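Report on the following structure.
Read the figures in this text as sums done on the coordinates, not as results from a lab. Just so you know, these numbers come straight off a predicted model, no measurement behind them. Neighbour counts run over all protein chains shown; Cβ positions are idealised from the backbone, glycine included.
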């Protein structure tokens, strides 16, 4: 409730002077606007994750009711704490800092309890690297969640359980217009040699693997391209013919890898991987 009032007050100067009006909300310079958009998107994704029986509306209603009750209890306790600590600056600051640290720790532990069954860049990298090292073993969502980073990589890289961050060296959706002459030549050579039937192109660019997607590519093509780039990056340095090695690996293991991932997801509903698997088999 208070955030809405603060945002309204911050919008007054922009409304009074036309020259002060900035870009759209999601690109605004005000932190409350950016955090509001991010929290809304995160809440929608988590609501969809917990809606195991296509009951997202029910989950959202219950979450709203619990949040309202928690807010009312918090306001009551806050007014009580303010009355107790009034006139004591040290007590006020200690209360503020301790409650803030507890709030951040509670949010961290709550996120750590999640075992999401959808794929992002880091989860894909964790799954694929383990699959290639063990010769066909696929981690469960719970195991991947334990290895996934909640904080930025630079804050936990020294204690990480993952020896490689393959996904940080893969760039997907690169525009052809952004390539220089040498990179364009390499891309055309790869297209003629290795990617005649694929709806994506891979090429090495500044120590990373870049992906150019076809305009008619599907979700299955995007996943295949990203995993192919991860395989290529993992094999890089072991053999000069990384394109041939990665193509050979994809032909032998890709479909088996996808099917094993789906078998490890016991959510009782068709998710993203199931839809992608159907597209793969139809192709």
Expected unfolding gain across residue 93-residue 216 under the 0.36 nm per residue rule, minus the alpha-carbon gap, is 38.6 nm
Mind ordering 108-114, 198-204 by average Cβ neighbours within 10 Å, highest first? 198-204, 108-114
Counting only C-alpha contacts under 8 Å and six or more residues apart, can you give the relative contact order of segment 69-192 as a whole percent? 19 percent
Packing-based exposure ordering (other Cβ within 10 Å, fewest first) of 213, 72: 72, 213
A chain fully extended from residue 116 to residue 185 at 0.36 nm per residue, minus the present Cα-Cα distance, gains in nm 20.8 nm
